[in-house]
Amino acid sequence: MQNGNGISELIGKLYSIDEQWELSLTDEKRSGGEQSDRGIGRLINALRQEMKEKEADEVKKYLRQMQLREETVEILIKRAENILRLYRAFSVLRELENRDAAALRGMLSIIYQKYIVRFEPKYITHMATEKYNEEVLINVANRIGNLTDFYVSRSYTVQGMVKDLRDETGLSQVNCEYWADLIEQNYLALKLNYIIEELNGIKRSLPEVE
């Protein structure tokens, strides 16, 4: 375990805060308090980082060695897996970066030009290859769009985006900076698109007037 010592320290701290902290995971009616909840959150995030490189079964084995209850282990791993979904979805981008970083930047640029900032029907279809079919590319483009909306809706700075992109995608610093610059260059258009989509969502939720 690459971060085994850190994980064991977090578990030790949780026991020092609340000897029954595991019950906060397995019993919805029980709360260990704010300090315990923050500790559990830090533990889950540490497990998430570990599971970027290690199989879930290996991490489970380590947690069992820490004498955690089986139900606790399963809940912790499930929560860590849930917040790893985006990272796993971007495996296509990491693979492309490893093969050809320039091709990755080209893909990001095209997706923003033809799918996110502006939309050109069927363009993703034209991008499809034997390795990256249309379904894979649309899924990646949608994930990029969702992450972009998150940054734009919260007015992230470039530095904030780069830091989060590094964590969420596992891409290099250089390519995360390139990605963040794409968002910054198109920030006003992206913000307007986001506002319009939110307004359309509100409109769709309103009852129709006869």
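The values are calculated or read from the model by the stated rules, or taken from the named source; none is laboratory data. Since the model is a prediction, treat every value here as computed from it, not as a measurement. Virtual Cβ from ideal backbone geometry, glycine too; neighbours counted across all protein chains shown. For accessibility, only protein heavy atoms count, side chains too; no ligands or nucleic acids. Shrake-Rupley method; radii C 1.70, N 1.55, O 1.52, S 1.80 Å.
Taking a ≥ b ≥ c as the square roots of the eigenvalues of the alpha-carbon gyration tensor, region 79-198 is classed rounded because a/c is under 1.5. Each part reduced to its alpha carbon centroid, region 180-201 and region 130-157 end up 13 Å apart. Please compute the net charge surrounding Ser153, taking Lys and Arg as +1 and Asp and Glu as -1 over other residues with Cβ under 14 Å from its Cβ. It works out to a net charge of -2.
The residues of the chain expose on average 61 square angstrom of accessible surface per residue, using a 1.4 Å probe on protein heavy atoms. The convex hull of the Cα atoms of region 51-93, projected and averaged over all directions, covers 2.9 nm². With the largest listed first and rounded to whole Å, the semi-axes of the equivalent ellipsoid of region 162-210 from the Cα gyration tensor are 35, 13, 5. Computed in the context of the full set of protein chains, the accessible area of the chain at 1.4 Å probe radius has 48% of its extent on carbon or sulfur. With a cut-off of 11 Å between beta carbons, the residues surrounding Leu86 carry a summed charge of +1, where Lys and Arg count +1 and Asp and Glu -1. When the GluC sites (Glu not before Pro) in region 84-179 are filtered for DSSP coil states and for at most 12 other beta-carbon atoms within 10 Å of their beta-carbon, the remaining sites are Glu130.
Calculation over all alpha carbon pairs of the chain in 5 angstrom steps from 0 returns a P(r) of 1, 6, 12, 14, 14, 12, 12, 11, 9, 6, 2, 0, 0 percent.
With N the number of residues in region 128-203, Rg(Cα) / (2.2 N^0.38 Å) evaluates to 1.21.
Summing Lys and Arg as +1 and Asp and Glu as -1 over all other residues whose Cβ lies under 11 Å from the Cβ of Tyr123 gives a net charge of +1.
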